[in-house]
Amino acid sequence: MSTTSATPATPSVAPTPPPSQPGGAAALGRAAAAALFSLAGLRQLGVCVLIGLTLALMTGPNGKAAEPLGAVRHAILAPRIVTYLIIAAVLWLLIALWPLARPLWSMGQAAARGPVTAVAQQRFAPLGLNLALLIVAIIMPMFFSNAAVTWMVDGVGIYALLALGLNVVIGYAGMLDLGYIAFFAIGAYTTAYFTSKTAISAHFPVSLNPFFVFPIAFVLAAVAGVLLGAPTLRLRGDYLAIVTLGFGEIIQLIANNSHWTNGPRGAFGVPHLSIHLLGINYSWKLDPKPYYYLLLAIIVLVMIAFGRLERSRIGRAWAAIREDEIAAEATGVPTLRLKLLAFAIGASVSGFAGVLFASKQFFNPQIFSLQASFLVVTIVIFGGMGNRLGVVVGSVVLQGLAFYLRDKVPATDRFIYFGAVVIVMMIFRPQGIVPSRRRKREISLAEHGVGHADSLGSAPTSESGAR
Amino acid sequence: MGFVHQFWQLTIDGLMSGSLYAVIALGYTLVYGVLQLINFAHSEVFMLGAFGGLFAARELVNNFSDTPSGMASVGIVLVGLAVGALCGAAAAFTLERVAYRPLRKRNAPRLAYLISAIGASLFAVNMAGKLWERQNVTMELPFTNGTVFHVFSAEVNTKTLVIILVAAVMLVLLDTLVARTRLGQSIRAVAQDADTATLMGVNVERVILLTFIIGGLLAGAGGFLYAMTFSASNNMGFIPGVKAFTAAVLGGIGNVRGAMLGGIVLGLVESYGGYVFQASYKDVIAFLVLVLILMVRPTGLLGERLGRAA
Amino acid sequence: MSKHRAAGPGRAVLVPGGPGGESPAGDPGADLVVDARDLTLRFGGVTSLDGVTLRHHRGEILAVIGPNGAGKTSLFNCLTGAYKPQQGSVAFSPEPGRSHSIVGKTPHSITKLGVARTFQNIRLFPALSALENVQIGVEMRQRYGSIGAILGTPRMRREERSGVEKSIELLELVGLRHRVHELSASLPYGEQRRLEIARALGTGPKLLLLDEPAAGTNPSEKLELAELIRTIAGTGVSVLLIEHDMRLVMSVAANVTVLNFGRVIAHGTPAEVQRDPAVVEAYLGTQDDDSVGESDAPAGDLVGNGGTGRDQH
Ligand SMILES: Nc1ncnc2c1ncn2[C@@H]1O[C@H](COP(=O)(O)OP(=O)(O)OP(=O)(O)O)[C@@H](O)[C@H]1O
Ligand SMILES: [Mg+2]
């Protein structure tokens, strides 16, 4: 895309005098005024006011269809708007004066921060930090109520596991899967089918322990993933996004309409997990804590497994595909097969999570909505695509906030915030809050016109680059 | 009641939904043409246009004590279309400015655009749900819906006729715009090669913005037609969106006439298919068509180039 | 595919009446590593290859030259599966007596057969280290899969270790031992070109295609490069080289094929083609100046352009 070539998006600001000069205060004041009341500064004011109004609308009261502008009036033409205008003003000061403050802030930092850092030795989070986090995770449930621990399983844990799987698709292979929850549904319904004669109207002749369903669901989801991915991935990578979107919707439609799945009523009475092995008899029942620890163990294992995958030839080949698909092919990397592999691995993790979920509680088709898929995408993006720890942190933070704010923000409104978070992250921090070093480097290099950072083909408006 | 007996009725129904798909599909195809980008949030442009048009037209209809007729009906439909189109255009403009332009300025990878579009879509759907409730909103028709004429055994009622006529007019207008005007020429130039177009003095940023706006106008007006006949709701955009995208791929994404043809063909296939299979699985048909076309002829019926289309 | 072998004399590729006529390339029973016949590649209205025939003897360093837009890169793209020619056949023979038809195969499977390449516009994996870049090439022949990687099987560990060792050896060979852990995008231009060669060698090729490997490098780097190419050829790898720098071509290539407007216009030893009037004309337009080709011959470039052409392979 040479039309806007490699100019970084920093707003153009007149060079500012070094703040340490004599007479600094007055000069600084003049510079500040100039920055604020320049054309660019006033534009920024406009943007900030718009942001303030949007926030007012987001946090305002709910409206009614009978009175289309009612909500707008109550949110904006009301005293509460003052708060948001103040927020807008503060934001404006921060943005417009940032160029003045930057020299102060960056004085202690190394000067050259080009797109390329010279040494690429892979460094992983130190073992100590990981252990500390693990210990925190282990003792956490002791400090929380039962309701909170239940959420730590259903909301945080399951979604962390889902995000780890989707991270293989988005973070490792550089593709987008928007129907990810469909595989979760496949896992859940498979569990109901194999473990109980009554949960849904279709059932297997013998009822199995849910533990035996893990491999079945794992394989089924992977097969579904391959069937869906194979025809699509051969074409442009972005088609995968819309095909999976459609697939997600179809699975929900079938779950809702089919007689086999009990339709909208959903599945009741899937047996809980239990172990009967070598004299050990243990059953998971209603207490959420044992589920929590089981899930924690699974998440840790999955993280270790995917870490090894990432550092293996498979992970390197994925990186090669993201950075330059044509060069990867020419270097002997079977790109189509590896993309399918990533897609299938992601799908099977989702199916696996579905078994866990189904064996814990009642479910109906509503759980497998499009929004659930989008939530997983949001978690991966927010946490940091390509970083295993990042996506888990993403789930903890976003879902934790959702729980913390459950009385203040209605559940349905959450997705307004999630949507905003996704856009803001894409604009300001596409690598996420806990970035993967490799991913971050790729994104920054791609923005400077070196290589790519996904496997969707060339960037918009530069068709010729892909050849 | 065999298929043959129903054939004409199914054809009329298919044409009606097909022409709506075509109108929405143009937005996908135009944006894909200039940016090689699936604008995932286009379905929300459609939804916002639907709400805008519906609210405006409903306000007017409510002023009448009984169903309007004659010029009043025409006027109300036109106002609904205009407001819907403007709301759609405004939504598309905002979308381009907020979700896409910052990324383009930074030369972001393509994945970022898709994700940003998902964010915008989530935001819009749920914001609409917050502002106008999460349920179907309907309006009284601004005209008496009777049978206008028969095509063999099938009845063509006013509603169907209005939709097909309005859609046809919009399609013709757009085709003329792309084929004959300076703007259309610029759009085709950018679609073919943005770099060269820049060298030739085309303001690419402006063309991109206008392309979004044109797509928004069409989708918004289409949204009003949809809302008037069925209903509007915050998540109404999703299924017509996927179908319109399917139509665009079916015709050859990036190809304007392809999108029109694709919409009509998809509408018909769906209509016949819905009769043959169960009606509740009608939405599956479009998806199967999408997967099938990707497997068999991924460049679509008419091929992919916007430049070649007109 | 060996039935092709007997067909037609080698002279078919020579320019009729050209002074290169006495070239040794023409014996019909030759052991060819590449036997490409009648390749035609069109893009819409543009014909970038027009009935090109190329015969590359095993172990030989063969150069392909030609003015900008002559179709050299397109030829490479057809040989590596990046483009599919509308007409013609390519037989690749990794070792005597074994031959594969290449047209229609995917690029990675062609690489697996033993064809590796570099790109005219360097295409490294920019955010990976030099070592990782070469590893990707080396690892394409490894066998362990995702399950092996997750379980950390002994075979995986063994292959991982030998992959790193082999990659470091290759980096040593191209003179980048000191850059192992550096980001490939941060290397100087000339080193990036050599890294690309190391990556290609990592795939264990029998045929190496180099697309303008000397473009944008300085004279001392060119000397090193010539040395490197000879070393590579010395290990039994056949080398097909696109190059504008005639001095480099003269110093390494046994034979030269000249393309112009998608057609082969000459073939022979470097000295022969340089004297060929058709070649001189292709490079200098229709100027009727006999002395140019002669007097310039020892001096260097046939074209002024060092060739960092457009954004293509
Ligand atoms: N993908 C493509 N699409 C359209 N035309 C192409 C494409 N690739 C090559 N061409 C055309 O084919 C012709 C030959 O190009 P090619 O890149 O093979 O030349 P070359 O000999 O490598 O030139 P250079 O010395 O500049 O690298 C050119 O006219 C070019 O424009
Ligand atoms: Mg070339």
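Legend: ranking of residues A:Met303, A:Met140, B:Met260 from fewest to most surrounding C-beta atoms inside 10 Å; resulting order A:Met140, A:Met303, B:Met260. Segment A:287-305 and segment A:366-409 have Cα centres spaced 17 Å apart.
Computed packing ranks the peptides C:233-245, B:200-212 as C:233-245, B:200-212, most packed first, by mean other Cβ atoms within 10 Å.
Helix A:313-323 and the longest principal axis of the Cα set of chain A meet at an angle near 40°.
Karplus-derived 3J(HN,Hα) values for segment A:353-358, using 6.51 cos²θ - 1.76 cosθ + 1.60 with θ = phi - 60°, are 4, x, 5, 4, 4, 5 Hz; glycine and proline are entered as x.
Going by C-beta contacts inside 10 Å, put C:Glu172, C:Glu224 in order with the fewest on the left.
On the way: C:Glu172 13, C:Glu224 16.
The fewest-first ordering by Cβ neighbours comes to C:Glu172, C:Glu224.
Each label point was placed 7 Å from the Cα along the Cα-to-Cβ direction; for A:Val226 and A:Val90 their separation is 5.5 nm.
Give the cross-link partners of B:Lys159 among the lysines, using a straight C-alpha distance below 29 Å as the criterion and excluding same-chain residues fewer than 8 apart. Correct list for B:Lys159: A:Lys64, B:Lys243, B:Lys282.
Kindly rank B:9-16, C:60-67, A:206-213 from highest to lowest mean number of other beta carbons found within 10 Å of each residue.
Values: B:9-16: 19.9, C:60-67: 24.0, A:206-213: 16.4.
By packing density, highest mean first, the sequence is C:60-67, B:9-16, A:206-213.
Per-residue shielding of A:248-257, expressed as the average number of other chain Cβ atoms within 10 Å of the residue Cβ, stands at 3.
Under the 0.36 nm per residue contour assumption, what length would be gained going from the current alpha-carbon distance of A:Leu129 and A:Ala101 to full extension? List each step's numbers first, then the result.
Values: separation 28, 0.36 × 28 = 10.08 nm, distance 3.29 nm.
Working it through step by step, the gained length comes to 6.8 nm.
Working from label points 7 Å from Cα in the Cα-to-Cβ sense, the C:His178 to A:Arg80 distance is 6.6 nm.
Dipole check for segment B:24-238: with +1 at the C-beta of Lys and Arg, -1 at the C-beta of Asp and Glu, and the Cα centre as origin, the magnitude is about 700 Debye.
Take each residue of peptide B:124-137, count the partner chain Cβ atoms within 10 Å of its Cβ, and average: the result is 6.
The mean count of C-beta atoms from other chains within 10 Å of the C-beta of residues in A:67-79, rounded to a whole number, is 2.
The relative contact order of chain A comes to 21 percent, based on Cα pairs under 8 Å that sit 6 or more residues apart.
If R0 equals 56 Å, the separation of the Cβ atoms of B:Val276 and A:Asn281 corresponds to a calculated FRET efficiency of about 0.55.
Could you tell me the calculated FRET efficiency between A:Ser274 and B:Phe152, based on Cβ-Cβ distance and R0 = 51 angstrom, to the nearest 0.05? Result of the calculation: an efficiency of 0.20. In segment C:129-288, the DSSP beta bridges split such that about 55 percent are antiparallel, to the nearest 5.
For the pair A:Asn257 and B:Ser231, a Förster radius of 30 Å applied to the C-beta separation gives a FRET efficiency near 0.90, rounded to the nearest 0.05.
Here's how it looks for C:His100: its modeled amide H is under 5 Å from those of C:Phe92, C:Ser93, which are all 5 or more places away or on a different chain.
Among bridges DSSP assigns within the protein assembly as shown, what percent are antiparallel (round to 5)?
Values: 35 of 51 bridges.
Counting DSSP beta bridges with both partners in the protein assembly as shown, the antiparallel share is about 70 percent.
Evaluating 6.51 cos²θ - 1.76 cosθ + 1.60 at θ = phi - 60° for every residue in segment A:84-99, the Karplus couplings come out as 6, 5, 5, 4, 4, 5, 4, 4, 4, 4, 4, 5, 6, 8, 3, x Hz, glycine and proline recorded as x.
Extending 7 Å from the Cα toward the beta-carbon at both A:Glu67 and A:Leu39 defines two label points whose distance is 4.4 nm.
Where only DSSP H runs of four or more residues are counted, chain A gives -20000 deg cm²/dmol as its mean residue ellipticity at 222 nm, each run worth -39500 (n - 2.57). Mind listing the long-range amide H neighbours of C:Leu241? Cut-off is under 5 Å, sequence gap 5 or more, other chains count too, H placed in the peptide plane at 1.01 Å from N. Distant-sequence amide H within range of C:Leu241: C:Leu62, C:Ala63, C:Val64, C:Leu210.
Determine the alpha carbon to alpha carbon distance for each of C:Lys105/C:Lys222; A:Lys339/B:Lys130; A:Lys440/C:Lys166; A:Lys339/A:Lys360; C:Lys72/C:Lys206; C:Lys84/C:Lys166 and list only those over 27 Å. C:Lys105/C:Lys222; A:Lys339/B:Lys130; A:Lys440/C:Lys166; A:Lys339/A:Lys360; C:Lys84/C:Lys166, as the Cα separations exceed 27 Å there. For chain B, hydrophobic long helices are taken as DSSP H runs at least 18 Å long by C-alpha position along their axis with mean Kyte-Doolittle hydropathy of 1.0 or more; these are B:3-35, B:70-95, B:110-132, B:158-180, B:204-229, B:238-251, B:256-276, B:282-296. For chain A, the longest principal axis of the alpha carbon atoms and the long axis of helix A:181-195 meet at an angle near 20°. The order of A:Asp287, A:Asp177, going from fewest to most other C-beta atoms within 10 Å of their C-beta, is A:Asp287, A:Asp177. For C:Arg117, the amide hydrogen comes within under 5 Å of the amide hydrogens of C:Leu209, counting only partners 5 or more places away or on other chains and with H modelled in the peptide plane.
The trypsin sites (Lys or Arg not before Pro) of segment A:374-411 that DSSP puts in a loop, and whose beta carbon has at most 11 other beta carbons within 10 Å, are A:Lys408.
Only the coordinates and a few stated rules stand behind these numbers; no lab work does. Small disclaimer: the values here were computed from a predicted structure and weren't measured. Cβ: placed from backbone, ideal geometry, glycine included. Neighbour counts: every protein chain shown.
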